[in-house]
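Enquirer: Sharing a structure here in structure tokens format.
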């Protein structure tokens, strides 16, 4: 294993995450709608929407949140009628998080908002740069799935 290359990967990942948040982070911050969701609430809604249903434990891993903080987050989303907890039919010890219809509608609106931000940023690139970015991001995602 080449330690120097791995250190460079780490450095580039850190820079990528920083740049991503600088370019697109505003889309995840406080909204101007009636829900006024915070960044982690928006991230949770995006993750639950992607998977359809998810356990609180897995959501906590995705968000890097501890149990107490995650419980407060899910409680707040339930109060907004965006998320619902459902007990597993086969294992009553297991709870699933689902988006409500209102949550699904909120997610679609949030996706459109983020899409506008992405289009705005990437419209600064030429077609070759967009193709290269797309090719590389696909490869990065595939590699991340392997590790």
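Enquirer: Restricting to segment 17-38, what's the tally of residues that are assigned to a helix (DSSP H, G or I) and either surrounded by 12 or more Cβ atoms within 10 Å (Cβ to Cβ) or touching a helix residue (DSSP H, G or I) at 6+ places or on another chain (Cβ under 8 Å) (or both)?
Expert: Result for segment 17-38: 7.
Enquirer: Give segment 39-58 a look and list any residue that's at pLDDT 90 or above and either out of contact with any strand residue (DSSP E or B) (no Cβ under 8 Å at 6 or more places or on another chain) or in a loop (DSSP other than H, G, I, E, B) (or both), or say none.
Expert: Result: 40, 41, 42, 43, 46, 50, 51, 52, 55, 57, 58.
Enquirer: A follow-up question, please. Where the second residue is surrounded by 12 or more Cβ atoms within 10 Å (Cβ to Cβ) and the first is closer than 11 Å to residue 49 by Cα and lies in segment 104-128, which pairs have Cβ atoms under 6 Å and are six or more apart or on separate chains?
Expert: Short answer, once both residue conditions are applied: 106/82; 107/45; 107/49.
Enquirer: A follow-up question, please. Please work out if residue 89 is on the phi < 0 side of the Ramachandran plot and in contact (Cβ under 8 Å) with a residue 24 or more places away in the chain.
Expert: No, not satisfied.
Enquirer: State all residues of segment 59-92 that are in a loop (DSSP other than H, G, I, E, B), under 24 Å from residue 111 (Cα atoms) and under 18 Å from the mean Cα position of the chain (by Cα); if no residue qualifies, say none.
Expert: 64, 65, 82
The values are calculated or read from the model by the stated rules, or taken from the named source; none is laboratory data. This one's a predicted model, so the numbers in the text were calculated from it and none came from an experiment. All Cβ positions, even for glycine, are placed from backbone atoms using ideal geometry, and neighbour counts span all protein chains on display.
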